[in-house]
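Structure, as structure tokens:
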Amino acid sequence: MNYTLTHIADIIGSSPVANDRAIEYLLLDSRKVYSPRSALFFALTGPRRDGHQFIAELYKKGIRSFVVSIAIDETLYPDASFLLVKDTLAALQTLAAHHRQEFSIPVIGITGSNGKTVVKEWLYQLLHRRFNIARSPKSYNSQIGVPLSVWQISSQHNLGIFEAGISRPGEMDHLEPIIRPSIGILTNIGEAHSEGFSGKQQKLEEKMKLFKHSKLLIANGDEDYIAEAVKNAGKEFILWGRKPSNTIRLTETKKLDDQTIISLDLHPGMISFSIPFTDDASIENAVHSFLVCRQLNIPIADLVSDMKLLQQVNMRLELKKGINHCTIINDSYSADLNSLEIALNFLDQQTGTTKKTVILSDFLQSAEEEGRLYSYIIDTLKKHQVSRLIGIGTHISKALQVY
């Protein structure tokens, strides 16, 4: 989907602009500027920072397209375009919701108090060989993170996996039309982020709003109030757990030294699979992941085999100090384009104008055609002004010889 400023102005309810141009990237942070001519900066306002304060700095860096909520003296910024709206965050969310409506691909939406990012990443590990997936980078699940995540969907994708986190009532109303999941996963309702809610019941009711237009809901039904909410949602549902009343029963979890064997009664039929983890949270996350993959018609034999290979999800970029005053950022848990973009943004933030070296292995988890894949990677590295690239692997080494 291609966008111009004129098109975006119409979507978010702003007046037309004189200097029209193509827009590819949405920018929120003045420290993370790349491809400035095709970037659109949203001047978000908050209790700590006002994005309008960075317009002059961004203009000097080459940004020429802005969404603002206060009038700007445009004579100070020749050739720049300003889209004036009442609320820049609402405009960002409206644009992302419009973008989501342009695609009819299946989308998995994940919410809950814990486990959202792990389930999302494990689903990616289990499904990436069969689908070209757009997914939330890391734990981008906020009012700002969700729009940026969904903006990544393009014509090459045939599946979306996005997580949604909320901290107070009303927030999910804004995220639901942006994600609009066809399959919904409620991981659990716990104490995380409870300060904005009157109790677990209210938190559940707010999180359930994500599934307003979903066709299928999947949740652990051992908590009666969760099971009741899912049953009353008017959707097809799968409730799993140890209670006999669940759609699918968890009959046994056999914990060994470094693995757990999980047994499910699928009604009809029994199935057992193992995961290389023994903690209860991983067991819950694994069952959610297994049941979603089953709904996407992944062959059971393949799924059982792949569950054994699930990898630990590192929840953050690891920042380390090296010798000779070097800073090392380790983001090796996943080699995909989304993670590369996030890692490079983080690299820009930490290093500023310092020389940058990037070490990449072969991108084996991408469904993109190899020539286009490595061409895109190299263009991305150039945009982030990477000084040196070290490629490890036959595929990336071959690509570097061309460039």
Checklist entry - Among L217, L175, L210, which is the only one that is of a type in the set (A, V, I, L, M) and not in a helix (DSSP H, G or I)? => result L217
Checklist entry - Do we have F162 as within 16 Å of the chain's Cα centre (by Cα), of a type outside the set (V, I, T) and not in a helix (DSSP H, G or I) here? => result yes
Checklist entry - Among the residues of region 15-57, how many are under 21 Å from the mean Cα position of the chain (by Cα) and closer than 28 Å to S155 by Cα? => result 14
Next on the checklist: Tell me whether region 204-211 contains one or more residues that are in contact with a Pro (Cβ under 6 Å, 6 or more places away or on another chain) and either within 29 Å of R249 (Cα to Cα) or in the same structural domain as T251 (by TED's automatic domain parsing) (or both).
Outcome noted: yes
Item to check | Filter result (over 20 Å from V119 (Cα atoms) and in contact (Cβ under 8 Å) with a residue 12 or more places away in the chain) within region 207-226 | outcome: K212, H213, Y225
Checklist entry - Of (1) in contact (Cβ under 8 Å) with a residue 24 or more places away in the chain; (2) touching a strand residue (DSSP E or B) at 6+ places or on another chain (Cβ under 6 Å); (3) more than 25 Å from V146 (Cα to Cα), T251 satisfies all except one. Which? => result (1)
Item to check | Failed item, numbered, when K382 is tested on (1) at pLDDT 85 or above; (2) more than 18 Å from K32 (Cα to Cα) | outcome: (2)
Checklist entry - What's the number of the condition I8 fails, among (1) under 25 Å from L344 (Cα atoms); (2) buried (at least 18 other Cβ atoms within 10 Å of the Cβ); (3) of a type outside the set (G, A, S)? => result (1)
Checklist outcome for this item: Requiring at least 1 residues that are touching a Pro at 6+ places or on another chain (Cβ under 7 Å), of a type in the set (G, A, S) and not assigned by TED's automatic domain parsing to the domain that holds Y140, the helices (runs of 4 or more DSSP H) wholly within region 1-111 are 5-12, 88-101
Checklist entry - How do the pairs read when you match residues in region 19-37 that are farther than 17 Å from I55 by Cα with residues anywhere that are assigned to a strand (DSSP E or B) and of a type in the set (A, V, I, L, M), using Cβ under 6 Å and keeping only pairs 6 or more apart or on different chains? => result I23/L40
Checklist entry - Within region 266-289, can you find the residues that are among the acidic types (D, E) and touching a residue at least 60 places away in the same chain (Cβ under 8 Å)? => result E284
Checklist entry - How many residues does region 195-206 contain that are in contact (Cβ under 8 Å) with a residue 40 or more places away in the chain and either out of contact with any helix residue (DSSP H, G or I) (no Cβ under 6 Å at 6 or more places or on another chain) or closer than 16 Å to G115 by Cβ (or both)? => result 1
Checklist entry - Residues in region 46-62: is at least one among the β-branched types (V, I, T) and touching a residue at least 24 places away in the same chain (Cβ under 8 Å)? => result no
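The values are calculated or read from the model by the stated rules, or taken from the named source; none is laboratory data. From a predicted model like this one, the values you see are computed outputs, not experimental measurements. Glycine gets a Cβ as well: all are built from the backbone with ideal geometry, and neighbour counts include every protein chain shown.
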